[in-house]
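First up is the structure itself, then whatever we jot down about it.
The values are calculated or read from the model by the stated rules, or taken from the named source; none is laboratory data. Computed from a predicted model, the values in this text were never measured in an experiment. Methodologically, a virtual Cβ is constructed for each residue, glycine included, from the backbone with ideal geometry; neighbour enumeration extends over all protein chains shown.
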Amino acid sequence: MPGLVIVGAQWGDEGKGKVVDLLAQQADAVIRFQGGNNAGHTIVLADQTYKFHLIPSGILYRGKLCVIGNGVVVDLRVLSGEIDGLRRRDIDLSGLRISANAHLIMPYHLLLDEAGEAKLGGREIGTTRRGIGPCYADKAARLGIRVQDVLDEKILKQKITAALEPKRLTLRDYVKDPRLDLRQMTEDYTSFGHRLEPYIADTPPIAWNALDEGRLVVFEGAQGTLLDIDHGTYPFVTSSNPVAGAACVGAGVGPSSIDHVWGVTKAYSTRVGAGPFPSELHDGLGEQLREAGAEFGTTTGRARRCGWLDVVALRYAVRVNGLTAVVITKLDVLTGIDPLRVAVGYVGPEGARFKDFPYHQSVLHAARAETVDLPGWHEDISQAREISHLPSAARGYLDFIEESLGIPVVMVGVGPGRDEIIWTDGARQLSAAR
Ligand code: IMP
């Protein structure tokens with residue numbers, strides 16, 4: 001031990017990548033456990049910017065074990081591109097491991113995602129169009145192609161044929177599309193197999209061995225709690241489980257291997273794609289947050305919807321994930337907004353008041369946030385490296401979050417750079433545990 005799970009406490013894009021990257025320095029292994037290249041994170045290191053969609057944060061530390069777990073869905077074209085990009089920049093990839101059991105996003109999954117959204121028209125989910133949903137659907141239907149299958153051309157061809165059969169009707173508009181050519185697909189994926197073979201591994205033992213030796217293992221989640229297919233704002237969700245429980249399934253460890261669960265939240269809220277968002281701001285303040293926080297998707301470039309921090313939703317995230325601590329990112333983006341508002345309850349369509357996150361989608365879709373005002377601050381906080389360096393209003397904002405959630409704030413982001421972060425003693429102790 002210790003096993004530490006890092007999850008998004010909101011609708012994704014909370015800045016988990018930077019947090020995992022910082023913790024990775026002390027960890028033996030970082031293991032991504034769900035999602036695919038619908039996720040994206042940016043790490044700013046010195047004057048260099050790195051963008052990843054699949055490779056776990058932590059790869060920038062030489063030789064660090066960075067595992068793409070069995071719960072992840074992998075687009076080999078994207079992964080191959082990321083590997084090439086890192087090699088060009090001389091980044092050591094010797095620690096990269098890809099689970100042989102992870103499922104592959106195939107070219108037809110991209111077409112099915114596109115076709116599915118087109119069919120929904122105005123009711124579309126606003127997916128990232130990366131084929132995530134259709135790939136997880138094939139996994140559940142037992143028609144999935146797994147990483148290990150690309151190592152055997154004959155099996156691969158049989159499996160692709162079987163997977164395509166039930167999709168004929170939906171894909172009939174694409175029959176002449178070269179992306180659906182069976183021979184070409186088999187050839188392409190076999191050659192990916194040759195390239196990636198050195199990285200393909202039986203990955204759960206990596207976690208078991210490190211944990212047995214008392215090393216820190218970081219389980220890296222993608223997306224966020226409210227995009228969870230079971231616990232999020234269904235159907236406006238992703239097709240996997242971004243909640244902490246999925247770390248066990250998606251990495252191959254038992255619940256007793258998890259000692260800490262940290263939820264990452266921005267100091268405000270954002271969401272991409274459609275679906276309920278009770279504390280959303282539709283006015284100039286929403287615009288101001290979008291500009292100040294550069295709230296445009298890493299994966300699709302879409303403008304993110306912005307709103308106040310929502311402690312109703314966060315308290316829900318504390319419960320469904322069993323959060324032991326919270327990390328606040330982008331506190332600096334709130335500088336100059338005074339007063340600050342925080343959603344502390346919802347008012348439903350018929351005037352009913354909710355203190356807890358409503359389970360019923362009709363209520364949630366029409367819910368408005370009830371907010372309280374907290375004092376803002378105007379000082380530049382990007383140089384703060386201790387909580388005590390922050391202006392009293394900023395400390396008051398963090399205190400309010402801790403009291404509302406009943407768990408400690410362990411880290412606070414005050415700027416985009418790797419060093420623009422406040423470590424509390426709790427975070428220092430954990431990352432020093434080796
Ligand atoms: P999918 O995961 O591409 O199927 O998209 C389903 C929903 O999840 C859409 O609302 C997406 O915008 C959202 N989504 C997926 N991945 C992310 C992410 O990494 N950050 C934020 N939203 C995401």
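Taking A137, is it farther than 26 Å from A39 by Cβ, surrounded by fewer than 19 Cβ atoms within 10 Å (Cβ to Cβ), at pLDDT 95 or above and hydrophobic (A, V, I, L, M, F, W, C)?
Taking the combined requirement at face value, the residue does not satisfy it.
So is P349 farther than 19 Å from L314 by Cβ, assigned by TED's automatic domain parsing to the domain that holds K330, of a type outside the set (A, V, I, L, M) and surrounded by 18 or more Cβ atoms within 10 Å (Cβ to Cβ) or not?
no
For segment 83-100, state whether one or more residues are in contact with a Gly (Cβ under 7 Å, 6 or more places away or on another chain), within 14 Å of the ligand (Cβ to nearest atom), within 24 Å of E187 (Cβ to Cβ) and of a type outside the set (D, E).
No, segment 83-100 contains no residue that is in contact with a Gly (Cβ under 7 Å, 6 or more places away or on another chain), within 14 Å of the ligand (Cβ to nearest atom), within 24 Å of E187 (Cβ to Cβ) and of a type outside the set (D, E).
So which residues in segment 101-159 are on the phi > 0 side of the Ramachandran plot and either more than 23 Å from the chain's Cα centre (by Cα) or not in a loop (DSSP other than H, G, I, E, B) (or both), if there are any at all?
Within segment 101-159, G121, R142 meet the criteria.
Can you pull out every residue in segment 24-40 that is closer than 20 Å to K266 by Cβ and modelled with pLDDT under 95?
N38, A39, G40
Checking the conditions here, which among L143, L156 is crowded, with 16+ Cβ neighbours inside 10 Å, within 28 Å of G273 (Cβ to Cβ), in contact (Cβ under 8 Å) with a residue 12 or more places away in the chain and among the aliphatic types (A, V, I, L, M)?
Criteria check complete, one pass: L143.
Just for segment 378-419: of the residues that are in contact (Cβ under 8 Å) with a residue 40 or more places away in the chain and β-branched (V, I, T), which one is surrounded by the fewest Cβ atoms within 10 Å (Cβ to Cβ)?
I407
Considering only residues that are away from the ligand (no atom under 16 Å from the Cβ), closer than 15 Å to I91 by Cβ and assigned to a loop (DSSP other than H, G, I, E, B), which ones fall in segment 26-56?
A46
Would you call G263 within 16 Å of the ligand (Cβ to nearest atom) and assigned to a strand (DSSP E or B)?
yes
Cβ-Cβ under 6 Å, sequence separation 6+ or interchain: first residue in segment 198-225 and within 16 Å of the ligand (Cβ to nearest atom), partner of a type in the set (S, T, N, Q). Which pairs?
Taking only residues 6 or more apart or on different chains, the pairs are Q223/T238; G224/Q10.
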